[in-house]
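Student: Starting off with a structure, shown below.
The values are calculated or read from the model by the stated rules, or taken from the named source; none is laboratory data. Since the model is a prediction, treat every value here as computed from it, not as a measurement. Neighbour counts are summed over all protein chains in view; Cβ atoms, including those assigned to glycine, are modelled from backbone coordinates with ideal geometry.
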Amino acid sequence: MRHVSARGRGERLTPPNGDVFINCPFDEDYLPCFEALLFAVTISGYRVRCALEEDDGGDIRFAKLCRLIADCDHTIHDLSRTQASQSGLPRFNMPFELGLAMGARQFGTGRQRGKRACIMVAGAYVLPRYMSDLAGNDPAVHGDDPHRLIRVVRDHLHHSPIGQRLPGAAHMIELFERFRKDLPFLAGQARLTMPEAHARLGYRNYMDLVRAFCATMAEVAGRFGGGGSLTSS
């Protein structure tokens with residue numbers, strides 16, 4: 001079961017919005033998968049939300065996470081980097097953020113109860129070893145392969161925010177590779193250096209380029225209701 005849906009509690013839930021909270025590693029080794037994740041969500045007609053979108057030194061990280069998760073009806077969690085770091089300590093940020101999203105769905109009111117979560121891991125049969133409370137949930141496995149990750153995200157979302165069925169993953173992968181090839185040219189057109197267009201270090205610049213690329217695709221533009229999902233955060 002890759003999708004975690006709200007339980008029926010006799011409430012009428014409002015339609016889902018187009019915001020997707022991304023909870024994933026930000027290290028350099030994960031960068032190809034991070035780029036694929038950002039692209040897959042955006043090409044599907046949704047707006048990526050993650051902790052990198054704001055650069056406010058006065059904003060407390062926990063408060064920011066709570067606000068972002070509350071804003072999003074979809075959440076995607078990649079738990080592929082929970083192993084011990086070079087310091088010998090495991091990284092708990094991603095399981096913690098998954099817990100925030102599950103808590104919002106379980107104990108929240110109104111649209112919070114309608115949240116849908118996609119849980120991903122790099123290898124099969126690993127999750128129960130360190131998160132036994134999620135036993136019974138079958139996370140999607142991407143094997144650190146950006147193309148497999150795109151397929152996981154596409155299959156999870158399945159429809160655009162306005163209810164249109166998404167094209168197949170193979171088509172999205174083809175567009176992703178085209179974007180990667182065009183990125184130096186797109187960055188130059190925007191008068192950005194490649195370090196400034198880095199998906200993590202230059203996150204907001206990178207997302208502007210992803211959105212601009214997607215907006216040139218007529219087939220993608222039709223997936224947006226009200227024209228708002230491609231705008232910057």
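Student: With the condition kept exactly as written, say whether any residue in the range 51-59 is at pLDDT below 95 and closer than 16 Å to Arg111 by Cβ.
Tutor: Within the range 51-59, not a single residue is at pLDDT below 95 and closer than 16 Å to Arg111 by Cβ.
Student: Sticking with this structure for a sec: Restricting to the range 156-169, name every residue that is in contact with a strand residue (DSSP E or B) (Cβ under 8 Å, 6 or more places away or on another chain) and part of a helix (DSSP H, G or I).
Tutor: Result: His156, Leu157.
Student: Go through the range 133-161 residue by residue and tally those that are at pLDDT 90 or above and of a type in the set (A, V, I, L, M).
Tutor: 6
Student: Look at the range 1-26 and say how many of its residues are over 18 Å from His158 (Cβ atoms) and modelled with pLDDT of 90 or more.
Tutor: 4
Student: Next question, about the same structure. Please state which of the following conditions Leu100 fails to meet, knowing it meets all the rest: (1) surrounded by 20 or more Cβ atoms within 10 Å (Cβ to Cβ); (2) of a type in the set (A, V, I, L, M); (3) modelled with pLDDT of 90 or more.
Tutor: Every listed condition holds for Leu100 apart from (1).
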